[in-house]
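For reference, the structure discussed in these notes is given below.
The values are calculated or read from the model by the stated rules, or taken from the named source; none is laboratory data. Since the model is a prediction, treat every value here as computed from it, not as a measurement. Note that we place each Cβ from the backbone using ideal geometry, even for glycine, and neighbour counts take in every protein chain shown.
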């Protein structure tokens, strides 16, 4: 029986069936892969030595004024996906779990804007690998192109899953039509191209007998700035992506947020079903130092770390119809901060 089916026992049978089938249809492939992958990590990373996977000096630095990766990939055929059904449309902030389950999902944004090359916080990834901590990385299409090797390494590791974080981290509240669609679908084009490279180089194996391989398509989407409106909500869901927010933000984009403050936020505020927001793109200040402080304490409390897809498959998504950081409306300010950079098209 599906977990969501048990949690919705007071609902009608058709409602329970629709929700269970919808969750598994959207994330089923990725969830099954992650579930099998813990026993086959070595085979997934055959293309890289341990040394090649490690963080490199200055790799986390953000470089301004570099436009080499501004141009998105050309349009082309993509892996098809059905629109998200009504029961799952909205912003998923956390997951309601059965009693006794203490699962949480660590998420790290990998975003990059036009005219820059963002960083790669390899120390974060190294720590997660060394301690067998699962995580979900929300990557922008531009970031994937400028960090193609690192993206492939994350994709090929069964500990991790990759979600969509828009093409170039634009405020989707200010976009409509083709511009909005390109911001949503650009990362999928980058993902499919890199996955194709992995398959061609045999870094991952295809077929039913393969021990593990990344899903053909991303199923999760995170809004830039955590900001959305009805139009962008509908577009993301219509393109087949579940909208993933968070219920616990570490505050790590601020250099004033210390490692201790980040760790304290994680330990004190995490609850079963939490989705934790952090960054690994050179703007997750002090997060690499915070993880060794927080994760042992969270484990001591009985928490188990899973990917977002695994968390969704283990319970019932808690969905709201707006996007925000800690309270409704608090991300609306980005409309004014970014309007001059991304003006609304003329009627």
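Residue 314 - would you say it is crowded, with 16+ Cβ neighbours inside 10 Å and within 27 Å of residue 89 (Cβ to Cβ)?
Values: crowded, with 16+ Cβ neighbours inside 10 Å: yes; within 27 Å of residue 89 (Cβ to Cβ): yes.
Yes: the conditions hold for residue 314.
It is to be established whether one or more residues within the range 258-281 are surrounded by fewer than 22 Cβ atoms within 10 Å (Cβ to Cβ), more than 20 Å from the chain's Cα centre (by Cα), within 17 Å of residue 331 (Cα to Cα) and without any contact (Cβ under 8 Å) to a residue 40 or more places away in the chain.
Scanning the range 258-281 turns up no residue that is surrounded by fewer than 22 Cβ atoms within 10 Å (Cβ to Cβ), more than 20 Å from the chain's Cα centre (by Cα), within 17 Å of residue 331 (Cα to Cα) and without any contact (Cβ under 8 Å) to a residue 40 or more places away in the chain.
With the requirement that a residue be assigned to a helix (DSSP H, G or I) and either farther than 19 Å from residue 218 by Cβ or without any contact (Cβ under 8 Å) to a residue 12 or more places away in the chain (or both), what does the range 129-156 give you? Steps first, answer last, please.
Here is the first cut: in the range 129-156, the ones assigned to a helix (DSSP H, G or I) are 129-130, 141-146, 148-155.
Across the range 129-156, the qualifying residues are 129, 130, 149.
Just the residues that are touching a strand residue (DSSP E or B) at 6+ places or on another chain (Cβ under 8 Å), surrounded by 12 or more Cβ atoms within 10 Å (Cβ to Cβ) and closer than 21 Å to residue 190 by Cα, please, taken from the range 64-89.
66, 69
Hey, could you check the range 231-287 for residues that are out of contact with any helix residue (DSSP H, G or I) (no Cβ under 7 Å at 6 or more places or on another chain) and in a strand (DSSP E or B) and say which is nearest to residue 183 (Cα to Cα)?
Of everything passing the filter in the range 231-287, 277 is nearest to residue 183 (Cα to Cα).
With respect to the numbered conditions (1) under 23 Å from residue 331 (Cα atoms); (2) in a loop (DSSP other than H, G, I, E, B); (3) in contact with a strand residue (DSSP E or B) (Cβ under 9 Å, 6 or more places away or on another chain), which one is the sole condition not fulfilled by residue 92?
So residue 92 meets the others, but not (2).
When you check residue 242 against the structure, is it more than 25 Å from residue 128 (Cβ to Cβ) and at pLDDT 95 or above, yes or no?
On the way: more than 25 Å from residue 128 (Cβ to Cβ): no; at pLDDT 95 or above: yes.
No: the conditions fail for residue 242.
Take the range 172-189 and flag every residue that is under 23 Å from residue 62 (Cα atoms) and surrounded by fewer than 24 Cβ atoms within 10 Å (Cβ to Cβ).
186, the sole residue that qualifies.
Report, ordered by the first and then the second residue, all pairs with beta carbons closer than 9 Å, sequence separation of six or more or different chains, a first member in the range 302-331 that is on the phi > 0 side of the Ramachandran plot and part of a loop (DSSP other than H, G, I, E, B), and a second member that is modelled with pLDDT of 95 or more and surrounded by fewer than 23 Cβ atoms within 10 Å (Cβ to Cβ).
Note: pairs meeting the criteria are 302/102.
Got a number for residues in the range 190-208 being without any contact (Cβ under 8 Å) to a residue 24 or more places away in the chain and either assigned to a helix (DSSP H, G or I) or crowded, with 23+ Cβ neighbours inside 10 Å (or both)?
Residues flagged as without any contact (Cβ under 8 Å) to a residue 24 or more places away in the chain and either assigned to a helix (DSSP H, G or I) or crowded, with 23+ Cβ neighbours inside 10 Å (or both) within the range 190-208 amount to 3.
Would you mind stating whether residue 236 is under 25 Å from residue 143 (Cα atoms) and touching a residue at least 40 places away in the same chain (Cβ under 8 Å)?
Numbers: under 25 Å from residue 143 (Cα atoms): yes; touching a residue at least 40 places away in the same chain (Cβ under 8 Å): yes.
Yes; evaluated as a whole, the condition is true for this residue.
Which ones in the range 157-174 are under 13 Å from the mean Cα position of the chain (by Cα) and free of Cβ contacts under 8 Å to residues at least 60 places away in the same chain?
Passing the criteria: 162, 165, 166.
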